[in-house]
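So the structure is just underneath, and the comments pick up after that.
Quick note: the coordinates plus some simple rules give every number you see, no bench work behind them. Just so we're clear, the structure is a prediction, and the values are computed from it rather than from any experiment. Glycine gets a Cβ as well: all are built from the backbone with ideal geometry, and neighbour counts include every protein chain shown.
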Amino acid sequence: MNVQAPAIRTADDFLRWNEGREGRREFVGGRIIEMMTGGTQRHAELMMQLGFLLKSLLDPSRYVVTGADYAVRTPFGVRYPDVLVTPRGGDSSQSLATGQSLLIAEILSPSSLAADFGEKAQEYTALGTLRHYLVLSQDEPRVWLWSRGDDGTFGKPEMITGADEVLELPGLGLRMPLDDIYRGIV
């Protein structure tokens, strides 16, 4: 659903207009897109568990881990990913969005499947600072991982399946067992 807001032409206009408003929306291709609010318990729990693990493993003097309330500027507008890692000090702590994403993660839901693997993957992997893009299944221990290669490009996603597998994030110096990410959830 599109929201009519003719005075909003830029990402900055959108961020100022959207601040403090109830509901979720993103700004893509010059349009305000209403997003689904509310999700499954698994979705919410997986988002928190991933964020918690990243926060506990990453040096807080170097990295900031945030959730879906903090925006990412993309080449096409503004998105609100489920989990986000940025460098500390890169953006002002009072900013409404970052242009310096290191890791972006989305939790799959039936309504987000096409966007998470399509347009969001294209937008996120076009970000010059991004090292990893993750899409996580909420139904089983399964993660799709896009990683920036040594040549600076992103290839096809690697699918990691099974609680006994390990998610390798060399761009952040992390190894995360899927069992830790999904513990108690599936």
For region 145-158, Karplus couplings with θ = phi - 60° (6.51, -1.76, 1.60), whole Hz, Gly/Pro x
10, 9, 10, 6, x, 4, 7, x, 10, 9, x, 6, x, 8
Quick check on region 102-186: take the gyration tensor over C-alpha atoms, sort the square-rooted eigenvalues as a ≥ b ≥ c, and tell me if it's rounded (a/c under 1.5), prolate or oblate.
oblate
Gap separating the Cα centres of region 144-186 and region 85-126, nearest whole Å
16 Å
Just going by the charge dipole of the chain, with Lys and Arg at +1 and Asp and Glu at -1 on Cβ, which of Pro141, Val65, Val166 is farthest out on the positive end?
Val65
Shape call for region 31-112 from the C-alpha gyration tensor, a ≥ b ≥ c root eigenvalues: rounded (a/c under 1.5), prolate (a/b greater than b/c) or oblate?
oblate
Can you list the GluC sites (Glu not before Pro) in region 13-116 that are in a DSSP coil and have 14 or fewer other beta carbons within 10 angstrom?
Glu19, Glu22
Considering only the chain, what is the antiparallel percent among its DSSP beta bridges, to the nearest 5?
80 percent
DSSP loop (so not H, G, I, E, B), at most 13 other Cβ within 10 Å: list which chymotrypsin sites (Phe, Trp or Tyr not before Pro) in region 106-154 pass both filters.
none
The summed charge of the Glu34 Cβ neighbourhood (under 12 Å; Lys/Arg +1, Asp/Glu -1) stands at +2
